[in-house]
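Visitor: First, the structure itself, so that you have it in front of you.
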Amino acid sequence: MKKILVIGNKEKISTSTYASLNSILHESGIHYIKKDKSFLQKIISYSPDLLFLYIDKITPNSFAVFQKIKFEKNLTSIPIITILNKKPNKETIIKAYQLGCDSILIEPFDEIDLLIQLKNLEQLYSIKKKIDLSSDYYIQRIETLEENEKKLRDAYTQLEKGRTAILNMLSDLRAEIKTRLKYEEDLNRTNKLLQDIMDNSPSLIYILDLEGKFISVNRPLAKLFGKSPEEIIGKRREDFIPIDIALSHLKNDQKVISEEKPITFEEENEEPDGKHYYITVKFPLTNNKNEIYAVAGISTDITESRRAQLAIEESEKRYRDLFDSNPSPMWVYDLESLSFLEVNEAAILKYGYSRDEFLRMTIKDIRPEAEVGRLLEEVSKHRPYYQYSGIWKHKLKNGNLIDVEIVSHVIEFKNRKAVLVLAQDITEKIKAQDELIASETRFKLAQKAAHIGSWEWEINDDKLYWSDEVYRIFEKDSKNFTPSNKAIIDEIIPEDKERVIKEVELSLTQGKPFDTEYRIFSKTENSIKWIHSKGEVFFDNQNKPILAAGTIQDITLRKKTEEALRISEEKYAAFVRQSSEAICLFELGHQPLDINLPIEMQIDLLYENAVITECNKVFAQSHGYNEPSEMYGIKIGQIFPRLAKENVEYLRSFIKTDYNVAGIETKELSKDGSIKYFLNSLIGSIENSKLVRVWGAKQDISKLKKVEDEIRSLNQRLHLLIDAIQNLSTSQNMNDVIRAINFYARQLVNSDCSSFFIQEGDSCFCVDENSIEPIWKGMRIQIESCICNNVYMKNTPVIIEDVSADSRNELDMLRKTFIKSLAIVPVRTEVLNASIGIYWAEKRKISEDDISLIETLANAASSTIENINLLTELENRVKKRTEELELANKELESFSYSVSHDLRAPLRAISGFSNILKEEYHHILDEEGQDYLNTIIKNTKRMGELIDDLLRLSRISKQEMKLQIIKMNDLIKEVLQDLKNYVYYEKAKFTISTLPDVLGDRALLKIAFTNLISNALKFSSLEDQPEIEIGFFDKDGNKTFFIKDNGVGFDMQYINKLFNVFQRLHSAEEFEGTGIGLAIVSKIINRHGGKIWAEGMVNKGATFYFEIPISSLNIP
């Protein structure tokens, strides 16, 4: 297909659908249009070979588009495939096909589904086209033949009209017969081609007449029926497939005939390997009278995809049924936001929240506040696919707390990473564990009241008598069964039989009482039943056994209870034993604590009576004991010292929070008397308003506390180091630097002394020290006798943790002082060799952090020392440069004086005598002499102006600035008033914006505006209407002024020359001037801390900008 058109919103088409379309149809031209008012016209205009209609939401009018397309004459033959984003109901599918849809795809679908649909449509429309073409062709030929036959009959009736006419008619008849034979040959060839196409199609293709008989079938269908095509022709479906399936297919045929249009069905068929599913396109075939004479069908096997779909649906249904019907609360939550995504009915009933309330909550909302931190920590951990999350406290809507056991699975839910949770309420189970011992006692009492069956055995006659209870136990009918010793033995299972026989024989031979347990198989319950049998043997005077009597009891329930108890105890013991947390049990059994007593009295009684009766190995080892048994009998006060206020507060909190507290830090005593830190939780067991036992679980956080203290200490030292670096960075001389170094060095490592040494020739000089007592300040030590020499030579720190144990000679002086440990760190500079010494009066383990901190201080000191040296050098250079500038200024002043006085006198003489010659001797001079004289006068005038401008430029550079607030609009008015007599002023048009006030030198800024505005007037004077615009704008927080004209402009390639002295872009003949005015303006703006620039084009005018920064002038 060459041209593909997709109708629908492209943005809403799913990524997978978009990818499938482009993957399969990438060689075709895919075009997308929206379903708007003009979509029909767009389809006609585009003339596609195939249409896709994407429907993201099914409405009653969703399929009306088919009618509009099919009613258009030019669009009737275009196949239409509908893409739906969810599976519709059966009525919707039928409606779509009724209105003209040729095929339906339901998201998500893959490329294979798309290929199948395209292949079916292609085959369907190809066959239909060929059938229509063949039908039209042969109908036309048949009509021609019928017409010729009519002519033939007419010819026979005209035989009488003459031989010639008869011969002509016979000739025509022969020709017509020949043509008809050719047409029949063509028809046969076409039918064969059509049959080949059908036989080679992977689909099942067939044609049925209106009676349901096969007219034509392809080979795949014949193969399915196990027959040849010839054996199938003329027979009905029910001859090959079950009658019920055949009738459903026939019903579909009748629908096609009644609606007179193609319809797509999903049909089924029973085949040897099971049920198969087909997508079948059926369409009516009509004759030349437009009468339906048959129904054609094309069926494509979709069994595999259908079975997969059914499996998925069944799996989803089973999951949903399991989730919804589970008696235990279940929910799904988002692993990122912790929001509930789904809950089952059991959760709603158990927790009291409605579904809507749950879906607005997070899993934190059903936790007590004390457990939220633990929850967040648990959620943040790496989660395996399946996880047992342990026992938690959950909060119901009514505020009650319950104990739940949590099992969770990581799942993908609605494209989110989520967790499926199963919560089992074990509140009663926990209570039951606490009551287990009491239950045992009650159970023993119940045994006494239990109904026990009795038996008697007459040994000589081997007659056995049972009470009714024994018959019930052995599940025998007293009317149809005669008890005997053998009968009992036969009931016993093989594993117990031999033992019981021996015990019976022992009683008979030795007279010992009979007391045994054995198992029988209960047919009623299909399980093992436990029996407890007791008896005693009676002997005659010859010591022969004559009678035995006793009882039989069904102890199955007791055995099951014992087994359950054993498993429960094993689980409990394994949990306590294998737990990574320290767990212990404090018992108050001999003196239960009345919970109605005042809190302080309860605390006293806990310290007095609570003792450890059970704990795991983790608990014992965390307190310095090897085995748990070593701790049995220890009172609570021996591990929770009452002197530690936090421990007493811990117990107070335990009582106030209903004997349940978690996450509290405590100080506890170990066996060796050392203090350890724990994160503790306690849960009390209350019976009849008495606290009888307390469970404790804790984590040893001593290492964590130590790390926290170290981090806190390091942070304090780092803040001190930052303070030291900042202090050093502002130091102006070496004395400030050295004082700062010694002060901060002691503080950073908590030392008793710090010193600053420098190398001077062959000696070490202690410039200064900060010490608990004087040592070396001001002393010089020979370099070979000073430990600092090792620092200078290797440029690395020297660390000595025990001065007394170090044998180096350089330490002889140190041994005479209080110093026990030391560290010396180099101060690396290009200016001098220096070092910082740190000393302690006690032996100390010197850490890497200590050395790192002092080295950082030394590096900062090194930078400061080099900066001070550089600053001193720069100050000397500035001083020298200042002296040179002052000398240059004096020379410039001298030059200005010479220009002002020495040059002006000759110029005045030249100008004066030239004017005298012009006035008194002009009649003597010829025209050429007059021109020379005028040139002299003009150039002397220009020279005078040039000298004036140079002097003005010189004065501006050294003139003291008088800053004031300037109203710029008033300044402009004043400048324009001064320029009114300027030759170009009259015809100019001025546009002046409202200008801001600035802080500056008013006289200098007036000169700058006068120069810029007079230039604008001068260089726009050639225009009929000169236009001058004066305005401003804010740029980067600065006030930028501009003067714009419409004059001759300039070439931007010469912009770099514009503000230089004596640089002109136009000749003096064109425009008068000295070439210094813009240099003066630039100097003025620079003195205000601003900048000036210009933009222009030849004959397009120019704009001059200057900027006065607010930051430097502090203008609001």
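Visitor: Name the long-range amide H neighbours of VAL998: under 5 Å, sequence gap of 5 or more, or other chain; modelled H, no Pro or chain starts.
Guide: Residues meeting the criterion, in which the H sits 1.01 Å from N, are ILE966, MET968.
Visitor: May I ask you to list the lysines whose Cα is less than 30 Å away from that of LYS476, ignoring any residue fewer than eight positions away on the same chain?
Guide: LYS476 reaches LYS444, LYS448, LYS463, LYS486, LYS497, LYS502, LYS512, LYS523, LYS529, LYS534, LYS559, LYS560.
Visitor: Simple spin-label model, 7 Å along Cα-to-Cβ: SER629 to GLU801 in nm?
Guide: 4.1 nm
Visitor: Same structure, new question: Based on alpha-carbon positions alone, could you give the equivalent ellipsoid semi-axes of segment 27-74 from the gyration tensor, as √(5λ), descending, whole Å? Show your work: numbers first, answer last.
Guide: On the way: eigenvalues 69, 41, 20 Å².
Square roots of five times the eigenvalues give 19, 14, 10 Å.
Visitor: While we're here: For LYS12, give me every one of the aspartates and glutamates with a C-alpha distance below 15 angstrom, ignoring sequence neighbours fewer than eight places off in its own chain.
Guide: Within the straight-line cut-off, LYS12 pairs with ASP56, GLU107.
Visitor: Of the listed pairs LYS42/LYS261; LYS667/LYS698; LYS967/LYS1006; LYS617/LYS703; LYS57/LYS255, which have alpha-carbon separations greater than 22 Å here?
Guide: Among LYS42/LYS261; LYS667/LYS698; LYS967/LYS1006; LYS617/LYS703; LYS57/LYS255, the Cα-Cα distance tops 22 Å for LYS42/LYS261; LYS57/LYS255.
Visitor: Another question, then. Taking LYS941 as the anchor, which lysines have their alpha carbon closer than 17 Å to its alpha carbon, excluding any fewer than eight residues away along the same chain?
Guide: LYS918
Visitor: Moving on. Compute log10 of I(q)/I(0) for segment 686-772 with the Debye formula, placing one identical point scatterer on every Cα and leaving out solvent, at q = 0.18, 0.21 Å⁻¹, to two decimals.
Guide: Listed by q, the Debye log ratios stand at -0.90, -1.03.
Visitor: Still on this structure, I have one more. Quick one: what are the phi-derived ³J(HN,Hα) couplings along segment 43-57, Karplus 6.51/-1.76/1.60 with θ = phi - 60°, whole Hz, x for glycine and proline?
Guide: 5, 4, 5, 6, 6, x, 8, 8, 10, 10, 10, 9, 10, 8, 8
Visitor: Continuing with the same structure: May I ask you to work out the translational diffusion coefficient for segment 201-323 at 37 °C, viscosity 0.692 mPa s, via Stokes-Einstein with Rh from the Kirkwood sum over Cα pairs, reported in whole µm²/s? Write out the running numbers ahead of the final one.
Guide: Details: Rh = 15.7 Å.
Value of D from the Cα-based Kirkwood radius: 209 µm²/s.
Visitor: Net charge around GLN782, counting only other residues with Cβ within less than 13 Å of its Cβ (Lys, Arg = +1; Asp, Glu = -1)?
Guide: Here the count lands on -4.
Visitor: Between LEU210 and ASN1056, what is the label-point separation in nm under the 7 Å Cα-to-beta-carbon projection?
Guide: Calculated label separation equals 10.1 nm.
Visitor: Any idea how far apart GLN621 and THR516 come out in nm if each label point goes 7 Å out from Cα toward Cβ?
Guide: Placing both labels 7 Å along Cα→Cβ, they lie 4.8 nm apart.
Visitor: Additional query: If you rank MET968, MET961 by fewest surrounding Cβ atoms within 10 Å, what's the result?
Guide: Arranged by neighbour count, lowest to highest, MET968, MET961 become MET961, MET968.
Visitor: Another one. Per-residue counts of other Cβ atoms within 10 Å, averaged by peptide: what ranking do you get for 710-717, 1088-1095, highest first?
Guide: Result, highest mean Cβ count within 10 Å first: 1088-1095, 710-717.
Visitor: By per-residue mean of other Cβ atoms within 10 Å, what is the highest-first order of 646-655, 819-828, 252-261, 63-72?
Guide: 819-828, 646-655, 63-72, 252-261
Visitor: Using every alpha carbon pair in segment 579-700, what percent of pairs falls into each 5 Å bin from 0 up to the bin containing the largest distance?
Guide: 2, 12, 23, 28, 20, 11, 4, 0
Visitor: What ranking, highest mean first, results for peptides 475-487, 970-982, 837-849 when packing means the other Cβ atoms within 10 Å averaged over each residue?
Guide: By packing density, highest mean first, the sequence is 837-849, 970-982, 475-487.
Visitor: Determine, from the Cβ-Cβ distance of ASN288 and THR59 and an R0 of 35 Å, the FRET efficiency 1/(1 + (r/R0)^6), rounded to the nearest 0.05.
Guide: Result of the calculation: an efficiency of 0.25.
Laboratory data are not the source of any read-out in this text; all were calculated from the coordinates shown. All values derive from a computational prediction rather than experimental measurement. Glycine gets a Cβ as well: all are built from the backbone with ideal geometry, and neighbour counts include every protein chain shown.
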